[in-house]
Amino acid sequence: MMNELIYFDNAATTPCNSQVVALMTDILANTYGNPSGHYSLGYEAKEVLDTARGRMAKALNAETNEIYFTSCGSEADNWAVKGAAMAGARKGKKHLVTTAFEHHAILNSMKVLEKQGFEVTYILPTEEGFIRPEDVAAAIRPDTALVTVMMANNEIGTIQPIHEIAAICKEKGVWMHTDAVQAVGAIPVDVKQLGVDLLSLSGHKFNGPKGVGALYCRRGVVLPNLIDGGGQENRHRAGTENLAGVAGMALALELAVASLPEKMAHQQELRDYTIRRILDAIPETRLNGSWENRLPGNANISFLGLEGETILLDLDMHNICASTGSACNSDSLDTSHVLMSLGLPEEVGHCSMRFSFGKQNTMEQAAHLCDVLEEIIPMRRAMSCMWLQKENKVRDFGGEGEA
Ligand code: PLP
């Protein structure tokens, strides 16, 4: 029996690296000047800001002036989508292409734009969780202002063929954005190699701080501002900079990129062990999304006949943190839009659990998770009407004539 807290929700957020905490603490305490200030404390702060931007650019193979700091991944997504839509509308282009399984930062931005008269095409993924480049090509029209396809899905971890999709967009002269919030720091991301015009990321997904993100904006791509005010971020994103946040995020990314091969191998070992053991030991379980081309730290498994929420609560009693879907969805009992977009029946979507592994997790923890699941799943199923009906172990009380 393990008493320690076991954290398997690293796709929701990650613990902050201790070197990052030390750097941020130092900046908060000592480099409190405003980077716009014309005195030594301001110059020092400006130096911290420039260093952070340089580090981010290097890690992504971008130019320094192509990195814009934002308050989070959601802001970067909103800016890319709404900014590209506005820029397109000025040229009479009011059509946007996205996918049905994007994060809500994209989907809800699209909803707002639809209300403003934009038309949006939502491409469905395959059952395995991939967007087909040919479907993107077919969706693009002469009036398409933007194509946005996420790099890695936050619920099922499938990695999309962004390079191929970006090449299609380039050929057709349409801007391409990718929400790489789940990908940056988890798999190699090189903006030049991908060929995208816009890319969003978020610091807290790769052992950096929360409340800070960035938008890569290829040179030549000019978006209208989302946040107006002062002249920060080269006059494109107002607001006094979150200096400790951007410096912490940049260091976290540098550290993540430096240790990427080992981190990926470690996560993949935990992921594969967990998936294999659950599928082998617990009947009526299924892996959602392809095993191939999947984020090394993501396992999304459905336990038929149970509500994901029930499993989540049981795991919490065992000091294990996991998720029933995306973190942003966890307050709602709606079936995951991601699993629905794969064409899975609702009952498969309702009983899904996401286990996302981080570099701090151990094989012993993964084995403990499987031990606990092997104990709680049969026990809960024995009490679940949904399961017993499925197994024909209870009479169906429904039907005509019921009062
Ligand atoms: N996009 C994806 C794919 C995500 O997984 C998330 C967060 O879960 C976001 C965007 C939003 O990022 P943030 O929490 O920094 O706003």
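The values are calculated or read from the model by the stated rules, or taken from the named source; none is laboratory data. None of these values were measured; they are calculated from a predicted model. Glycine also receives a Cβ, built like all others from the backbone with ideal geometry; neighbour counts cover every protein chain displayed. Please note that ligands, DNA and RNA were not included when accessible areas were found on the heavy atoms of the full protein model with its side chains. Shrake-Rupley method; radii C 1.70, N 1.55, O 1.52, S 1.80 Å.
Pop out the carbon and sulfur fraction of the accessible area of the stretch 1-147 as a percent, whole number, probe 1.4 Å. Don't jump to the answer; show the numbers that get you there.
Working: 3690 of 6810 Å².
It is 54 percent, rounded to a whole number.
Hey, can you rank 71-83, 376-388 by average C-beta count inside 10 Å, highest first? Please list the in-between numbers first.
Values: 71-83: 24.3, 376-388: 16.0.
Ranked by mean Cβ neighbours within 10 Å, highest first: 71-83, 376-388.
Just the number please: accessible area per residue for the chain, 1.4 Å probe, all protein chains included, in Å². Provide the component values of the computation, followed by the final result.
Numbers: 17430 Å² over 403 residues.
On a per-residue basis, the chain sits at 43 Å².
Work out, step by step, the length gained on full extension between THR362 and LEU28: first 0.36 nm times the residue separation, then minus their alpha carbon distance; give nm to one decimal. Don't jump to the answer; show the numbers that get you there.
Details: separation 334, 0.36 × 334 = 120.24 nm, distance 3.25 nm.
Length difference between fully extended and current span is 117.0 nm.
So what is the relative contact order of the chain, in percent, for Cα pairs below 8 Å that sit 6 or more residues apart? Working shown, then result.
Details: 761 pairs, mean separation 85.3, N = 403.
Relative CO of the chain lands at 21 percent.
Running a GNM on the chain with Cα contacts under 10 Å, which residue among SER341, SER40, SER202 ends up with the highest mean-square fluctuation?
With Cα springs under 10 Å in the chain, the top fluctuation among SER341, SER40, SER202 is at SER40.
Past the 32 Å Cα-Cα mark, which pairs from LYS170/LYS359; LYS111/LYS390; LYS111/LYS172; LYS46/LYS82?
Details: LYS170/LYS359 36 Å; LYS111/LYS390 38 Å; LYS111/LYS172 25 Å; LYS46/LYS82 29 Å.
The pairs that break the limit, which is 32 Å between Cα atoms, are LYS170/LYS359; LYS111/LYS390.
Over the chain, consider all pairs of different Cα atoms and compute the Kirkwood hydrodynamic radius from their mean reciprocal separation; express it in Å, one decimal. Don't skip to the end; give the middle numbers.
On the way: mean 1/r = 0.0447 Å⁻¹.
The Cα-based Kirkwood calculation yields 22.4 Å.
What angle do you read, to the nearest 10 degrees and between 0 and 90, between the alpha-carbon axis of helix 363-382 and the longest principal axis of the chain?
Tilt relative to the chain: about 50 degrees.
Please report the equivalent ellipsoid semi-axes of the stretch 174-264, computed as sqrt(5 x eigenvalue) of the Cα gyration tensor, largest first, in whole Å. Numbers along the way, then the final one.
On the way: eigenvalues 110, 67, 17 Å².
For the stretch 174-264, the ellipsoid semi-axes come out as 23, 18, 9 Å.
What FRET efficiency comes out for the pair LYS192/ASP143, r = Cβ-Cβ distance, R0 = 41 Å, nearest 0.05?
Numbers: r = 28 Å, r/R0 = 0.69.
After rounding to 0.05, the efficiency reads 0.90.
Going 7 Å from the Cα of GLU346 in the Cα-to-Cβ direction, what parts of the stretch 286-316 have a backbone nitrogen less than 18 Å from that spot?
303-310
If I model a spin label as a point 7 Å beyond the Cα along the Cα-Cβ vector, how far apart are those points for TYR122 and LYS172 in nm?
Label at TYR122, label at LYS172, 1.9 nm between them.
Mind ordering 269-279, 16-26, 170-180, 229-239 by average Cβ neighbours within 10 Å, highest first?
Working: 269-279: 18.5, 16-26: 16.3, 170-180: 22.0, 229-239: 14.7.
My ranking of the peptides, most packed first, is 170-180, 269-279, 16-26, 229-239.
Counting only other residues whose beta carbon sits under 14 Å from that of LYS94, what net charge do I get with K and R as +1, D and E as -1? Could the numbers behind the result be given before it?
Details: positive: LYS82, ARG90, LYS91, LYS93, LYS115, ARG141; negative: GLU114, GLU119, ASP143.
Once positives and negatives cancel, what remains is +3.
Relative to the longest principal axis of the C-alpha atoms of the chain, give the angle of the C-alpha long axis of helix 243-258, reported between 0 and 90° and rounded to the nearest 10°.
Here the helix axis deviates by roughly 60 degrees.
Given the C-alpha centroids of the stretch 56-104 and the stretch 269-298, what is the distance between them in whole angstrom?
Using only Cα atoms, the two centres lie 32 Å from each other.
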